[in-house]
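Computed from the coordinates by the stated procedures, all read-outs in this text should not be read as laboratory data. What you are looking at is a predicted structure, and each value in this text was computed from that prediction instead of being measured. Note that each Cβ is placed from the backbone with ideal geometry, even for glycine, and that neighbours are counted across all protein chains shown.
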Amino acid sequence: MKIFWRLVGFEYKKILYKKSVIIVLALAVITTAVSVWGTLLGNYYIEGEVFESNYDAMVKDRSYARALSGREIDSKLIMETVEAYSKIPKKDRYYDTPEYQAFARKYSEIYGIVRPIYNSESRRFNMEDFQLLTGEQAAGFYAERHSRQVQALEETGMSGKAKEKLIALDEQIKTPFTYSYTDGYTRFFTLMYTVGLMAAFVMAICIAPIFSGEYSSGADQLILASKHGKNMLITAKLFTGFTLASAICLVLTAINYILTILTFGSDGLNSQLQLYYPMSPYPLTMGQTALLFSVCVFFACLMTAAITMLLSAKFKSAYGVIIITTLILIVPMFINVSYDRIWLYNLLHLLPSGMMEFGSVTSPVQYELSGVIVKPYVFLPLFAAVAGILVTPFAYRSFKTHQIV
């Protein structure tokens, strides 16, 4: 076993002693940190003059939100919000008006939760419509949400059994929602897609030469002729690739989480997911969602690592490996498939970059296999783990049996 760990240490040294790798890793850490604070940079302008800095705006909005935390989003709070918004005069940029700043801004989070429920495909429910919302409509907010939920599920290509299961899940959600400030978690959700893609790309750069580098240097002949070359050393390379990919993903995720919570606040850990995604049918908290999302991104990175090492074992150039891995990560981002083509929709989201989308992890579209219905945030990491396990032996065998020139 000592020999195995020595070989792993040797593989790590080969990777981490490269200046290019250290630079890429450092840039990934810096970019993740800057991304967290990106929205706080600069100022907000009204009529060409600085009104407030983005940081001051965040602090002010956070104080407003915390003042409302703990209140139920019932007809009373909704109508308070309507009354505050009713004071705003008609204007293209209503949030630049003194009336918005004085009366409505403190209720902006409630407005953001309520308004999407009344949106439809044929007509956008805008601020002027919200100003005319009646008490009767406010009292029927949750009935309207449920009706929209049923309608949305009917438009998918899921089976009746899957639709019934989702309706049952939706009925477990506590209503009325209890409001809480959640910007720390919503910012984390927003950034995780970028963090996941960055982790996968950085990981690909680091481990692309793990096999192909031996071909280009001619060391493959010595490795495969050595005592441990055809077994232990290949296993050590694979172990190094997976552990390095894990470390990169976990470190960037941790930086994202810690900095967002320290910057925006830790409030909302046990708050309902519906405060961020009002139409979600899942009875999850923000904290649970953050954990499940992170798990999906983590396993997507491991699957990417397995694919990268297979390509590395096949190709004689690390550049070719990086290019193909990058295409696998980026190309699906430009493909959009609607719910009605459910098999293609689900297939697209089984690709690594698809698994890193918040919308994929919390999608109402279920995975159905032989009558078994699985939630996406359960199926996606399981699929990635199985795919990685299945791909790894091919990488092992490809390097072990390749023709030495």
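Observations
- Relative to the longest principal axis of the Cα atoms of the chain, the long axis of helix 108-118 makes an angle of roughly 90 degrees.
- Ordering Val361, Val8, Val372 from the fewest to the most neighbouring beta carbons within 10 Å gives Val372, Val8, Val361.
- Under 5 Å from the amide H of Tyr44 lie the amide H atoms of Phe51, Glu52, Ser53, Asn54, each residue being 5 or more positions distant or on a separate chain, with H modelled from the backbone and absent for Pro and chain starts.
- Calculated FRET value between Leu41 and Val378, using beta carbons and R₀ = 41 Å, to 0.05: 0.60
- For Thr392, neighbours were defined as the other residues whose beta-carbon sits under 15 Å from its Cβ, and their charges (Lys and Arg +1, Asp and Glu -1) total +4.
- When the chain is treated as a Gaussian network with alpha carbon springs shorter than 10 Å, the biggest mean-square fluctuation among Gly359, Gly48, Gly160 belongs to Gly48.
- Angle in degrees between helix 19-37 and the longest Cα principal axis of the chain, rounded to the nearest 10: 10
- Listed by Cβ neighbour count within 10 Å, with the fewest neighbours leading, Leu244, Leu348 appear as Leu348, Leu244.
- Largest to smallest principal axis extent of the C-alpha atoms in the range 70-149, angstrom: 36, 33, 19
- Loop-located trypsin sites (Lys or Arg not before Pro) in the range 1-90 (DSSP state other than H, G, I, E, B) with a sparse environment of at most 16 neighbouring Cβ atoms within 10 Å: Lys18, Arg71, Lys87, Lys90.
- Check: the range 70-149 dipole with +1 on Lys, Arg Cβ and -1 on Asp, Glu Cβ, in debye: 180
- A helix-only calculation puts the chain at -21000 deg cm²/dmol for mean residue ellipticity at 222 nm, using -39500 (n - 2.57) for each DSSP H run of at least four residues, averaged over all residues.
- Here the calculated FRET efficiency for Ser266 and Phe51, from their Cβ-Cβ distance with R0 = 30 Å, stands at 0.60, rounded to the nearest 0.05.
- Helix axis angle, 141-154 relative to the chain longest principal axis, alpha carbon, degrees: 40
- P(r) weight above 33 Å for the chain, C-alpha pairs, percent: 45
- Proximal charge balance of Glu368 [Cβ under 13 Å; K/R count +1, D/E count -1]: +3
- Dipole-positive endmost among Leu275, Gly287, Ala395 within the chain (Cβ charges, Cα centre): Ala395
- Within the chain, longest stretch clear of exposed GluC sites (Glu not before Pro) (DSSP loop, no more than 16 other Cβ within 10 Å): 156-405
- Within the chain, Cys206, Cys296 have no other Cys Cβ under 4.7 Å of their Cβ and so lack a disulfide-compatible partner by this rule.
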